[in-house]
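Let me begin by presenting the structure, written as structure tokens, before commenting on it.
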Amino acid sequence: MHIVCFTFKMVDMENILISNDLLSTVSDPSFRLTAERLVLKCGVRADLKGSRCLIDAVILHGTEMCTGFCEIYRAIADIRGLKPKSVMREISYAIAQAFDLPDRLSTMVGTDIPPSDIHSGLVIAYLGRLFKNPDLSVYA
């Protein structure tokens, strides 16, 4: 004799629409290309899971789809099937493993950023601004 159980979960349709909107924004090919270029220019290794999360964060911050960093981490967690804390940890690890990130980011934004000031929020904020307005970059 087999007993089969089904569990139904109530789903808020508004959150699904928001998630689909976020997913389409993060998946936009031109957005991804721009964000990937910015992240790779900073020396973040492409083979780390955190680099993909950082790219997502730059897009969400740059397009102003999410305003706060907690909201950004939650959105990426929903999209990637992770926990927000895991997203933050993956991004922080990718930033810590980046080659010469403080100097590269300083060069990109045109101001000196001490290595002790580098953290995920700062990197997302600067790259998000460059994503939104490429004219801010000294390379423009």
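Would you check if Leu101 is open to solvent by less than 30 Å² (accessible area, probe 1.4 Å) and either modelled with pLDDT under 90 or more than 22 Å from Thr25 (Cα to Cα) (or both)? Before the answer, list the steps.
Values: open to solvent by less than 30 Å² (accessible area, probe 1.4 Å): yes; either modelled with pLDDT under 90 or more than 22 Å from Thr25 (Cα to Cα) (or both): yes.
Spelling it out, Leu101 is indeed open to solvent by less than 30 Å² (accessible area, probe 1.4 Å) and either modelled with pLDDT under 90 or more than 22 Å from Thr25 (Cα to Cα) (or both).
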Could you check, for region 17-24, whether at least one of its residues is open to solvent by less than 80 Å² (accessible area, probe 1.4 Å), among the polar types (S, T, N, Q), out of contact with any helix residue (DSSP H, G or I) (no Cβ under 9 Å at 6 or more places or on another chain) and modelled with pLDDT under 90?
yes
Check off (1) under 13 Å from the mean Cα position of the chain (by Cα); (2) modelled with pLDDT of 90 or more; (3) surrounded by 14 or more Cβ atoms within 10 Å (Cβ to Cβ) for Glu64 and give me the number that stays unchecked.
(3)
For region 117-138, indicate whether the set of residues that are within 13 Å of the chain's Cα centre (by Cα), over 13 Å from Val39 (Cα atoms) and of a type in the set (Phe, Trp, Tyr) is non-empty.
no
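The values are calculated or read from the model by the stated rules, or taken from the named source; none is laboratory data. Not measured: the values here are computed from a predicted model. Every residue, glycine as well, gets a Cβ built from its backbone with ideal geometry; the counts of neighbours run over all protein chains shown. Note: accessible area is taken over every heavy atom of the protein model, side chains too, but ligands, DNA and RNA are not part of it. Shrake-Rupley method; radii C 1.70, N 1.55, O 1.52, S 1.80 Å.
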